[in-house]
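Here's the structure we're looking at; comments come further down.
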Amino acid sequence: MRHGPLKLKAQILCGEAIALGPGKADLLEAIAEHGSISAAGRALGISYRRCWLLVDEMNRCWRERLVVTGRGGGGGAAVTDAGRRVLAAYRALEAAIDAAVAATAAFATLDAALRDEPVPPPAP
């Protein structure tokens, strides 16, 4: 999420693995919308293999699977109830971070002191 010049990225860690972050949350939403990992990947511009690896990592990190797949190929995929709860909580966390940034005087001070663009480097 971006606030003017400030970019924040909430990542939930499981050991050293990223259990959920902005990209994985977007993938969960795309799977819920399209009903398959491959269609979600196409919608997001991500390869099927990369999507599958992200789904596998999410499923290994959480106590309950976030995504279930059909058997035998071509069976589609669905976000589980646990996946919907985790996704909703993550989006709520993002909203809380947005609200905290907007209410923080320190950010307003930094934003006011920052240039719109860097000054060009000195000529050689």
Quiz item: Could the peptides 76-83, 101-108, 60-67 be put in order, highest first, of the mean number of other beta-carbon atoms found within 10 Å of their residues?
Solution: 76-83, 60-67, 101-108
Exercise. For the chain, evaluate the Debye formula with one uniform point scatterer on each Cα (no solvent term) and list log10 I(q)/I(0) at q = 0.13, 0.15, 0.18, 0.19 Å⁻¹, rounded to two decimals.
Key: -0.63, -0.76, -0.93, -1.00
Self-check item: Debye, to nearest 20: dipole size of the stretch 18-109, +1 on Lys, Arg Cβ, -1 on Asp, Glu Cβ
Solution: 320 debye
Quiz item: Angle between the Cα long axis of helix 48-61 and the longest principal axis of the chain, 0 to 90 degrees, nearest 10?
Solution: 90 degrees
Quiz item: Roughly how many percent of the accessible protein surface of the chain is carbon and sulfur, given a 1.4 Å probe and a whole-percent answer?
Solution: 56 percent
Practice problem: Roll a 1.4 Å probe over the protein chains and send me the accessible area per residue for the chain in Å². | Solution: 66 Å²
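The values are calculated or read from the model by the stated rules, or taken from the named source; none is laboratory data. The model shown is predicted, which means the values in this text are computed figures rather than measured ones. Neighbour counts run over all protein chains shown; Cβ positions are idealised from the backbone, glycine included. Keep in mind that these areas ignore ligands, DNA and RNA; they rest on the heavy atoms of the full protein, side chains included. Shrake-Rupley method; radii C 1.70, N 1.55, O 1.52, S 1.80 Å.
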